[in-house]
Structure formats: structure tokens, C-alpha cells
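The values are calculated or read from the model by the stated rules, or taken from the named source; none is laboratory data. Not measured: the values here are computed from a predicted model. Cβ atoms come from the backbone with ideal geometry, glycine included; neighbour counts cover every protein chain shown.
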Amino acid sequence: MQTEELFRAMAQSIIDGDTDVAAELAKRAIETGVDPLDAINEGFVRGINRVGEEFSRENMFLPELVLAGEAMKAAIGVLEPEMAKEGTARQIHGKVVLAAAPGDIHDIGKSLVGTMLSASGFQVFDLGVDVPISAVVEKVREADADIVGVSALLTTTMAGQQEVIEALEAAGLRSKVKVMVGGAPVTPEWAEQIGADAFGRDAVQAVTIARQLVGLPG
Amino acid sequence: MQPKLELLDAELVHRILDEAHQLLSEHGVKVQSSEARGLLAGAGAKVADEVARIPEALVAAALETVPRRFSLHDRSGKPAVEYGGDAVHFDPGSSCVHVLDPETLEHRPSTTPDLVRIVKIAEMLAQYDAQSTAVVCNEIPKEIGDLYRLYIVLLFSAKPIVTGAFSVKTLQAMIEMLAIFAGGREALAEKPQAVFDVCPSPPLIWSEFGAENLLELARARVPAEMVSMPLAGAAAPVTLLGSVVQHAAESLSGITIHQLAQPGAPIVWGGAPAIFDMRKGTTPMGAIETAMIDASYAQVGKSLGLPTHAYLGASDAKIVDAQAGLESGVSAVVGALAGINMISGAGMLDFLACQSPEKLVVDAEAIAMAKRLVAGVEVRTETLATEMFAGIDFKGDFLKQRITKELFALEQHIPSKVIDRDSMRGWQQSGSLDTWSRAKERTRQLLESYEPPQHDPGKVAELLAMVERLAQGAGMDHLPEPA
């Protein structure tokens, strides 16, 4: 298969959410000497970007977004060890710690944000759901994170977002990390009120915002 | 004959229960309470880590002892709500955190005066058979939030109550509060005045608090209302039927745990499922598929002879507009036709987060229609029509017949002014008001004409003293002035 065709097939495997095909194509790239970075940037990432755009237009839906993310993970899972071997690390735009606020067990949106950010070149540490404030702060410190994202889907757990910001201040970390918040009851006004750096409407917008927060063109 | 809506044929009901049993005995259910696990293991379930694999025989034994019906009584001890069979009742949806401000249309955090307004409206409207602890009072310390709501409902109403506790400690306090009015815990067990909602966590999890709630309610013989909430495509299988199976498995395991603590204690097959909107990631309560899941699981519960409940009659709209009307109305009718004993949801907007007294007033009209529908057509006259034609002589003079005067009020439900049936001229002369304006006016009138229930002052004093003590324990100097 010509490289252009291969790249198109890679993008398509993400659009189709086909984990097996994505992994196959990633292996094929390695076997035929295609630069893993090119495979990611020219092939697979184009697929996930397309899915993100179509999702924003309501032409594609959450299951497709989630499956595209899974296929992306599979492809990167094959390519990353190869890049480590070659010493060509994928350029990481930044490190992101993600957590759902204490008491909040909703994780679909947050996981999607993690998937989209990973796919777009961020290193993501997803702490999961119902995460104690101290654990968030600790991970930000330990990973030397650039961004921390806190999600809350209940009005009753939203306060946790404010608490994370206050805890980062108390730990002397606030100036070293950007805070973005999201979740159904969260609004730009709330984000401003609690001193967050950004509010994200959905997983697709989260990528644009994360890029802005680390100083990349949106 | 009560009209019925059935989505499932008998074979499908059978398959649903079969798979539910299979899930329980092979896949298992996570039970995060060690006490509940102990009871299950002692009765023959295989328990490993936190997962209990419950054999069908154990569930069958629980279904033998569970009561098929029970009544909820009003504050004076009279039976008012029949759980079991096909009787249909409605109550306002519970536990909202916001209330719709009728002037600004803002969703603002609810406080005591909001709960009082809602209780007064629901008390004045015959369509509401029970009250609920409709909103959280945000100004009250969380640790007594649940019992405080109940206290307000007890003060301002005489109707039975649908409520729920947030902790085991406050659950006991809430039972004590109800016992004050019933005349003791024994008397309360004999004539329950409230049901307590208890929720499993999807998929197939009974949290520590959920399971303990079941055990405590069973031992107190206070009715437990399970509210299983599969979210089809997110926290449950994407198919409506798959979600109905999950509902059955969660509910059957709940009944099993419950009956092991106290065989014969009352429990309700209830829920608040929804589909998952694949564009917005929201859980639409007004979706027809949501109502279909409810009607289906209710049919499964009825096949087991159990009392039923569901969340219907709510809307995902943010204001009381056409969407609010149509979603609440359509789903209320589906619930009634499904013969669900307690239908919670009236008054609600924004995915069960927001309550509105004005919407309660509008929803009461849909509920009245639903109730009239399930009352069906009755044979009220010796001949259906033939006798009434005597002397008519081809003139439309039926209005002059005595029988018309005698029967019109039985045949026809007369709606309130919220439903406009005036002529165009009449409507214009009354101010060309829309439904929302008419509902606000009626809400004002109902609040003005509200009459407090005739409670025994001794019992009220006892309740007040108890709640004051608990409030002080939570750091409050004094209780807010409720009126």
C-alpha cells in the first residue's frame, strides 16, 4: 500500500472506531519503515480530528467518539514503544492531570476529554472519579503537570473544583499549573468565580482550550 | 375496565426475568455493605470480594414473603394511597436542588420558603395523592438536610409522603419523626405514612449506604421504594430491553437483601431510568424511550405481584414551555396506562434538577387527564343510549335531559382555568394569557387559599423539639421561620 493510502486507511480506522484495524495498520507502518510520528500525525490524528469536527456538528455521536478514542489508544499503544526504541519521542504538548471532583462518580465526559487530549499529543494522568483533593494536588506536584482538569456533574460536587484551586494555592502550586473545569452544571461564570483559567464545554473543545493554555495555536 | 398499555408479551417478560436471574447467579451483584453480604452468604449466596452471586432459589424465597400490597396513610391515619395492583397515584418529583423563579426564570438554589410553597401547592391539588421532599433546602447544613425537608413537609401537609434519607443516622431520626404522628414505631409499621426511596448504583451495585438503607427500612418495617436507574447506553445496556433486565437484576437483588433482614417488610419495584442522549451526554427524562423502559419494567414487576413506582411526568426543558407540557403530559399518560402505583416527577424541569410550583399546577392538568383516562368508560345508565333518545325527535336537546345534569360531572373532568376552553373572544377579554401566565395566577390563588392541616398541637410541639435538638447538633442556633 502506498504511504498516502496507508495514512488514509489509518484515519478511516479511527473514524470507523475499529480498534483491531487501527492496531494492524500501526504495525504495518512499523514493518514498512514508515516514521511512527508521521503515522500518528498524518494518519491517525486526522481521523480523530475529523470525528471531533463531525461530533460538534451533530453528525457523529458519543459512541463513535468513544470508539474513535479506543482505536486511537490502540494505535498509539503499538507506535509508542517503537518511538521509544528509536528515541524519537512523540512531542508532548503538556502534561494534564484529570479528576472528577470528590463525591462525583461520573466519568464518561472526563474519560472522553482524556482520550481527546491524549490523541492530540498531551500526556494524560487520569485519576478517575471521586478523587480526594489531596490526591489531585499530589499528582500535579509529582507529575509537574501543566494543566489540571476537574469535572463535576452535580451541583453538589461542583464546590470540589473551587477546593482544588484553593488547595493548589495553599500548596504553592497555583501559579505553576493551569486549571480547567467542566461538567454539565459548570458555567463560564462559575469558572471565573472560582478563579479557574478555563471552562470547557465538551471533550472536543477541551483540546482547543488545553492547547491555548500551554501557548499553542488553537 | 382500566385501560392498559403493555409493551411486552409474556414470553419477553419471562426472558427478562430469566436473564436477570442469570446475571445475579453468574455475573453477580456488587454489595458494598459487609452486613448485607453476610446475610446473603448465610442464606446460600456465593460471596467473593464484594461480589455476591445470588442463586435463583434465594430470590424466589424473598419473592414469597414480600407483601403484594400496602397502604400509605395520611397524617390522621386514614389509608390514602394503595401500593400494589393497578391503582395509579402521582406525587411531585423529589430532591431537586433548584427552583424555577417565576419572575426571572432563573434556576436558583432552593431554600425553605420554596419547599413550603411546593408543599402548599401539592396539598391544595387533588391530583397529588402524596407529597414528596421535593427540594433540598440549601441553607440547611447537609448533615440534617434530609430530615429537615421531611419536617417541613410534615408541618404543612396531611398527605402521605415519598421521601428518602441521606444517612443511616438521619434515617432513624426521620422514622422517629413519622412515629410521632403515627403514635409510635409499631403503629407506624402497621400504618405507614411514608415510603423511603433507596437507590442501587448502575450497573448492578448496591453501595454501602444503599444496602444499609434497605436493611434499616426492612427492620423498621417502613416501606422501601427501590429506585433503580439504568442509563441505557451509558450505565446500562443500550437496548431498552437490556436496561429492563438490569433493572430487574438490581431490584431482585435489593428485594433479596431486604427480605433477609425482615421477611414480610414492604418494598416497591421502582425506578428512574433514562436513555443516554448520544449528542449531549444527558439523561432525558422526557424521552419516550425513557417512558418505555419504565412501562416495561413496571410490567415485569407486576408479573411478580409487586407494588410499582417510576419517575415520569417530568421534562428536560428549562422553562415551562411547550416542551415541558408535552414531555410531562405524554409521559404521565404512559405511566398511568402502565398502571404504575406511584408516579413521581411532576413539577420537574432540567433532568430532575429543578422544581417549579407553577409547573406543578400545569402538570396537575395532565395528571387529571391521565387519571380520567385510566378511569375508563363506565356504564352508568341502564341502556347505553337507547332510553336517552326517547322524545328527542331529531333535535339536539340532550342538554335538557335530567340525566345530563346528573351525569355530566361524573363523565367529564372539569379542568381548572389553566386549560383554556374559552371562545377566542373570551380568551382575548381575559387578557390573551398563555398557559404559563394562567398557571402563575392559579399558583397565587392556591397559595392564598391554602389551609394548614389540623395537626395535633402536642405532636407538632414534639416534632419541633426533636428537630430543634438535631439542628443544634448540626451547628444551627435556631430553625428558620418556615412560613
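How many of the residues making up the range B:233-247 are in contact with an Asp or Glu (Cβ under 7 Å, 6 or more places away or on another chain) and of a type outside the set (Val, Ile, Thr)?
Qualifying residue count, the range B:233-247: 1.
What is the one condition in (1) away from chain B (no Cβ under 14 Å); (2) surrounded by fewer than 20 Cβ atoms within 10 Å (Cβ to Cβ) that A:ALA22 does not satisfy?
(2)
So, in the range A:91-141, how many residues would count as being under 17 Å from A:GLY160 (Cα atoms), touching a strand residue (DSSP E or B) at 6+ places or on another chain (Cβ under 7 Å) and hydrophobic (A, V, I, L, M, F, W, C)?
Qualifying residue count for the region: 10.
Mind telling me which of the residues B:ALA287, B:ALA248 ends up being out of contact with any Leu (no Cβ under 9 Å at 6 or more places or on another chain), more than 14 Å from every other protein chain (Cβ to nearest Cβ) and small (Gly, Ala, Ser)?
B:ALA287
In this structure, is B:ASP294 more than 14 Å from every other protein chain (Cβ to nearest Cβ), surrounded by 19 or more Cβ atoms within 10 Å (Cβ to Cβ) and either among the charged types (D, E, K, R) or in a loop (DSSP other than H, G, I, E, B) (or both)?
Against the criterion (more than 14 Å from every other protein chain (Cβ to nearest Cβ), surrounded by 19 or more Cβ atoms within 10 Å (Cβ to Cβ) and either among the charged types (D, E, K, R) or in a loop (DSSP other than H, G, I, E, B) (or both)), B:ASP294 qualifies.
Please work out which one of (1) within 14 Å of chain B (Cβ to nearest Cβ); (2) crowded, with 18+ Cβ neighbours inside 10 Å is the condition A:SER118 fails and give its number.
(1)
Assuming B:VAL268 fulfils every condition listed in (1) on the phi > 0 side of the Ramachandran plot; (2) surrounded by 22 or more Cβ atoms within 10 Å (Cβ to Cβ) apart from one, which condition is it?
Just one mismatch for B:VAL268, condition (1).
Being among the small types (Gly, Ala, Ser) and within 25 Å of A:ILE108 (Cα to Cα): is that true of A:ALA184 here?
Against the criterion (among the small types (Gly, Ala, Ser) and within 25 Å of A:ILE108 (Cα to Cα)), A:ALA184 qualifies.
For the range A:149-181, name all the residues that are buried (at least 18 other Cβ atoms within 10 Å of the Cβ), within 14 Å of chain B (Cβ to nearest Cβ) and of a type in the set (Val, Ile, Thr).
Selection gives A:THR155, A:THR157.
Any chance the range B:16-27 includes a residue that's part of a loop (DSSP other than H, G, I, E, B), over 20 Å from the mean Cα position of the chain (by Cα) and under 25 Å from B:VAL244 (Cα atoms)?
no
Search the range A:46-81 for residues being polar (S, T, N, Q) and at pLDDT below 95, and hand back the single one that is farthest from B:LYS280 (Cα to Cα).
Residue satisfying both the conditions and the ranking: A:ASN49.
Looking only at residues in the range A:33-74 that are within 14 Å of chain B (Cβ to nearest Cβ) and of a type in the set (Asp, Glu), which one is surrounded by the fewest Cβ atoms within 10 Å (Cβ to Cβ)?
Looking at the filtered set, the residue picked out is A:GLU58.
Can you pull out the residues in the range A:82-95 that are surrounded by fewer than 19 Cβ atoms within 10 Å (Cβ to Cβ) and either free of Cβ contacts under 8 Å to residues at least 12 places away in the same chain or within 18 Å of the chain's Cα centre (by Cα) (or both)?
A:ALA84, A:LYS85, A:GLY87, A:ALA89, A:ARG90, A:GLN91, A:ILE92
Restricting attention to the range B:336-355, report how many residues are outside any loop (DSSP other than H, G, I, E, B), under 18 Å from B:PRO307 (Cα atoms) and among the hydrophobic types (A, V, I, L, M, F, W, C).
4
Which condition number does B:THR282 fail, the rest of (1) part of a loop (DSSP other than H, G, I, E, B); (2) more than 18 Å from B:ALA353 (Cβ to Cβ); (3) in contact (Cβ under 8 Å) with a residue 40 or more places away in the chain being met?
So B:THR282 meets the others, but not (2).
Where the second residue is charged (D, E, K, R) and in a helix (DSSP H, G or I) and the first is closer than 17 Å to A:ARG50 by Cβ and lies in the range A:68-81, which pairs have Cβ atoms under 7 Å and are six or more apart or on separate chains?
Final answer for the pair search is none.
Residues of the range B:103-115 being buried (at least 20 other Cβ atoms within 10 Å of the Cβ) and in contact with a helix residue (DSSP H, G or I) (Cβ under 9 Å, 6 or more places away or on another chain), which ones?
If the condition is that a residue be buried (at least 20 other Cβ atoms within 10 Å of the Cβ) and in contact with a helix residue (DSSP H, G or I) (Cβ under 9 Å, 6 or more places away or on another chain), then B:SER110, B:THR112, B:ASP114, B:LEU115 are the ones that fit.
Scan the range B:229-279 residue by residue and report those that are part of a helix (DSSP H, G or I), of a type in the set (Gly, Ala, Ser) and out of contact with any Phe, Trp or Tyr (no Cβ under 9 Å at 6 or more places or on another chain).
Matches in the range B:229-279: B:GLY242, B:ALA249, B:ALA261.
Let's see how each residue does on (1) of a type in the set (A, V, I, L, M); (2) within 14 Å of chain A (Cβ to nearest Cβ); (3) closer than 29 Å to B:GLN454 by Cβ; (4) not in a strand (DSSP E or B):
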residue	(1), (2), (3), (4)
B:ARG68	no, no, no, yes
B:ARG75	no, no, yes, yes
B:VAL116	yes, no, yes, yes
B:ALA122	yes, no, yes, yes
B:ILE144	yes, no, yes, yes
B:TYR148	no, no, yes, yes
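Out of B:GLU50, B:GLU106, which single residue is within 14 Å of chain A (Cβ to nearest Cβ), over 20 Å from B:MET226 (Cα atoms), free of Cβ contacts under 8 Å to residues at least 40 places away in the same chain and not β-branched (Val, Ile, Thr)?
Sole residue among the options that is within 14 Å of chain A (Cβ to nearest Cβ), over 20 Å from B:MET226 (Cα atoms), free of Cβ contacts under 8 Å to residues at least 40 places away in the same chain and not β-branched (Val, Ile, Thr): B:GLU106.
Collect the residues in the range A:179-218 that are part of a loop (DSSP other than H, G, I, E, B) and not small (Gly, Ala, Ser), keeping them in residue-number order.
Scanning the range A:179-218 gives A:PRO185, A:VAL186, A:THR187, A:ILE194, A:ASP197, A:ARG201, A:ASP202, A:VAL214, A:LEU216, A:PRO217.
Taking the condition of being more than 8 Å from the chain's Cα centre (by Cα) and assigned to a loop (DSSP other than H, G, I, E, B), how many residues in the range B:81-93 meet it?
Matching residues across the range B:81-93 total 5.
Restricting to the range A:131-148, name every residue that is in a loop (DSSP other than H, G, I, E, B) and buried (at least 17 other Cβ atoms within 10 Å of the Cβ).
Within the range A:131-148, A:VAL131, A:ALA145, A:ASP146 meet the criteria.
For (1) charged (D, E, K, R); (2) closer than 22 Å to A:VAL186 by Cα, each residue gets a yes or a no:
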position	(1), (2)
A:PHE55	no, yes
A:MET60	no, no
A:ALA71	no, no
A:VAL78	no, no
A:LYS95	yes, no
A:ASP104	yes, yes
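Which helices (runs of 4 or more DSSP H) sit wholly inside the range A:1-119 and have at least 2 residues that are touching a Pro at 6+ places or on another chain (Cβ under 6 Å) and not hydroxyl-bearing (Ser, Thr, Tyr)?
A:62-86
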